[in-house]
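First the structure, in the form of C-alpha cells, and then the observations on it.
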Amino acid sequence: MIQSIMKIGKWVRKNEDSWDLIKDFIQNPNEKGNINKVFEIILKQQEKGFTYEKVNISEFSETRLMKYLYRHGSSRGSDVTPTSKFAGDMKKTFKNKIYKCIGDIEKEKTSIGLTSDEQKIITQINKALSASKKDIIISLQKQLEDIDQKEGSILTLVFIGNGGKQYIGDMELFKKILRHKTKEKYYKQYGKESLGQDQICSVCHENQQEVYGFVNTYNFYTVDKPGFVSGGFKQQNAWKNYPVCYNCAVNLEQGKKYLNENLSFSFYGFKYLLIPKFITGKFVGESMEILEDAFEQKASEILKSGFEKKFRYRLTSAENEIFDLISEQEDYISFDFLFYAEKQAAFNIILQIEDVLPSRLKRLFQIKNHLDEIDIFKKVKTDKNNEAKRLVFNFGILRDFFPLISKKRTYDKNFLELTEKIFSYKPIDYNFVMQAMVRKLRQLFIHNKSTEILCLKGYMLLNFLAELEILSKGGVKMDIKIIDDLKVSFSSEDKTYSEKIERFFSAHGGFFDCASKKVCFLTGILVRYLINIQKKPPVKGGKPLSKAPFEKKLQGLRLNEQLIKKLSFEAQNKLEQYKENYYIKLENIIAQYFVIAGLKWALTNDEISFYFTTGMNLADLFKTKNEEVEDNDGSDE
C-alpha cells in the first residue's frame, strides 16, 4: 500500500502544471467540504511595525489555498502557519493557534534560518498581536454572531500596506517557515530527533544521505511513546524501524493528499480509500490518466442527472462511485479498498480488501445487470401506494440484512466481512445469510408491515452470490443454476396453474431444487390467497382489513415442516368454509409435491420460513385468466 501511495504522489508532483515545492506542503482545510468563511485578521504595516486594523470576513475559495498556506500542526499546539480551522471557541482558537504560532516562530527564528530582516518582521507581528489581543478576540466573537453556526471557517493573518493586500502565502517569509517546519516534522518530534545518515530508505530502497524516523503518512504507525519503538525503546532510533528519505516522505504526503481529494468514498456508514496498485512502474502514468478521465466522466454524468436520478448501474449509494468506469480497464492495475475510521488524530484501519482487479469488478456488474432485468424484480408493489417499484442490485441490499441498528447492537462487522468476501470471491455461508434474511422478515411481519420488497431483495442477494459462485453450504460450494427471466408470455398467455408453476420452477431451478422447497413456496401462495379473501372489506366500497385472522397461525414466520403441513390443510378447510375455494388445482399440485418431498425434510426452519414467505409475496404471478372467471362464478373445473 505504501509503495502505491508513494507512486501516486510521485506522479502528482511530476504532472503539476506549475510545479512549486510549496505545493507539496500545503493542505486543504476544507477536505470535508464544510468550510465556507475566512476570518481575516488584518494587520497594517507602518514604518515602525504592524498595527491591528480589523477583522474581515471573506468567502472561502479553493483557488486561494496557496494564499492561505494552511498546514495542520499538533492537535495540542499551534498549526505550522498562522492559518487555522475554527475549533468552536473563537478565543481559544485565536490564542492557541494563531497567536501561539507566531510566538513559536519567534522563539525558533534562528534555528529556522530566517534572515535578520525576516526575524524583525516576525517580532513586529508578534508585538502587534500581543498589544491588540483583547480587541482581536472581541472583533472575532462579534463577527461570529453574524455567521451560521453550521458553517465551518478558518482564521488567518492578512497584511495591508504600500504593496496592497497580502495573505501569508504571498510572503516568502512564511513559505520558508513552512518548508523548514514540514521537513523538521519528519525527524523532530516529542522533544527528540530521529535522523539517520547514509542509510537505505525503506520506501524507495535506495541509499540516501538522510533518512527520517517520524514520517507518519497515516497515523496507524506512531512512536509517540517510547514503548512503541522496537529495539531499545529510544525514540531517536525510530529511523531504524521505518527509515524514509525526504523525497519519499514528500511523495507519500502528496499521494495521501491525492487519495483524500479524489479517491475517498462513502460506503453505507463507512469511509474507504480506493488505492490503485500498479503491476509495473511504466503503467503508473497511463493508469492515473485513465482515473483522471473517469473523474471527469462521472462528474459529467452526475451533472446530467440533475442530482435527482439515481444511477441504476451503481454498486453502491455513493454518487461519485467509479466502479463501473474502472471495471472497463485492463488488469494491469488492481485496487485496494482501505476502510478506515478517524478518531481525533488516530487513523484506524477497519478492513483492507487487497488486489481487486477490474475484471473482478466487471464480473460483479455483469451479474448485477442480469439480475436487474429479471421480471420479478422489475415491478414490485410498495406497501404505501401500491405503485410498481424497480429493484436493482447494490450493496445496500446486503446492508438491509446486516444494518447498523444502534450503538448497542450492530452488524457492521458481518457487513464488512461479507463485502470483503464478495470483492475477493471468497466463500459465503448460505445458512448464515438465510438466517439474517429471515430475521429481518420476521421483524417486519410481527409489526404488520409488508415483507414483499425485503423478501425479494433477499432472493436477489442469494442469486447474486450464487451466480458469483461463492455461496457454500457445509463448506461445499453450491452449484446453483442461474435464474432465468419468465418472459412476457408467462403472464400474457392463458396458462393453467400447472403450466405456470412448472415454468417458474424451471426458470428458478437453482433455488427450487427439491420438492420440499416447492411445497413451502406453493403453500405460501395458497395462504396468501386465503388472507386476501379474509381482508376483503366487510361492506362493498369499504376499506380492506389491516390484518387477516389466519395470519395468527403463521407463528411470526417461525415455521417448520409440521407447521407447513398444518397450514396447507387448514387453509384449504377455510377456503371451503367460505365457499371460495377457487384453487383446487393448486391444492392438487401441493399434494403431489408433499408426496414427493416425503418426511424429514433436509431444510432448516429458516429456509422453510423463507420459501413460504417468498411464495406469499409472489402469489399474484400465478393468477390465470381461467382463475379470474372462476373467481366470478365460484366454480372450478
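The values are calculated or read from the model by the stated rules, or taken from the named source; none is laboratory data. Because the structure is a prediction, the values reported are computed rather than measured. Counting neighbours? That spans all protein chains shown, and the Cβs are built from the backbone with ideal geometry, glycine included.
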(message) Suppose we filter Leu530, Leu526, Leu486, Leu557 for residues that are touching a residue at least 12 places away in the same chain (Cβ under 8 Å), in contact with a Gly (Cβ under 9 Å, 6 or more places away or on another chain) and closer than 21 Å to Asn617 by Cβ; which single one remains?
(response) Leu526
(request) Kindly indicate which of Phe432, Phe445 is in contact with a Leu (Cβ under 6 Å, 6 or more places away or on another chain) and not in a loop (DSSP other than H, G, I, E, B). (result) Phe445
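Taking the condition at pLDDT 95 or above, of a type outside the set (A, V, I, L, M) and in contact with a Phe, Trp or Tyr (Cβ under 8 Å, 6 or more places away or on another chain), does Thr604 pass?
Details: at pLDDT 95 or above: yes; of a type outside the set (A, V, I, L, M): yes; in contact with a Phe, Trp or Tyr (Cβ under 8 Å, 6 or more places away or on another chain): no.
For Thr604, the condition - at pLDDT 95 or above, of a type outside the set (A, V, I, L, M) and in contact with a Phe, Trp or Tyr (Cβ under 8 Å, 6 or more places away or on another chain) - is not met.
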(message) Here is a list: Leu563, Leu567, Leu530, Leu603. Which entry is crowded, with 18+ Cβ neighbours inside 10 Å, in contact with a Lys or Arg (Cβ under 9 Å, 6 or more places away or on another chain) and not in a helix (DSSP H, G or I)?
(response) Leu603
(request) Take Glu502 and decide whether it is of a type in the set (Asp, Glu), surrounded by 13 or more Cβ atoms within 10 Å (Cβ to Cβ) and outside the structural domain of Glu607 (by TED's automatic domain parsing). (result) no
(request) For residues that are in contact (Cβ under 8 Å) with a residue 60 or more places away in the chain and buried (at least 17 other Cβ atoms within 10 Å of the Cβ), tally how many sit in the stretch 424-434. (result) 1
(request) State whether the residues of the stretch 73-81 include one that is closer than 28 Å to Lys183 by Cβ, β-branched (Val, Ile, Thr) and buried (at least 16 other Cβ atoms within 10 Å of the Cβ). (result) yes
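Residues of the stretch 435-450 being aliphatic (A, V, I, L, M), buried (at least 18 other Cβ atoms within 10 Å of the Cβ) and over 24 Å from Thr419 (Cα atoms), which ones?
Keep residues of the stretch 435-450 that are aliphatic (A, V, I, L, M), which gives 436-438, 441, 444, 446.
Pick out the ones that are also buried (at least 18 other Cβ atoms within 10 Å of the Cβ) and you get 436-438, 441, 444.
Result: Leu444, single match.
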(message) Tell me which helices (runs of 4 or more DSSP H) are completely within the stretch 43-118 and hold 3 or more residues being in contact (Cβ under 8 Å) with a residue 60 or more places away in the chain, or say none if there are none.
(response) 65-68
(request) Could you tell me whether any residue of the stretch 467-485 is within 19 Å of Gly396 (Cα to Cα) and part of a helix (DSSP H, G or I)? (result) yes
(request) Considering every residue within the stretch 332-345, establish whether at least one is at pLDDT 90 or above, surrounded by fewer than 19 Cβ atoms within 10 Å (Cβ to Cβ) and over 21 Å from Ile275 (Cα atoms). (result) no
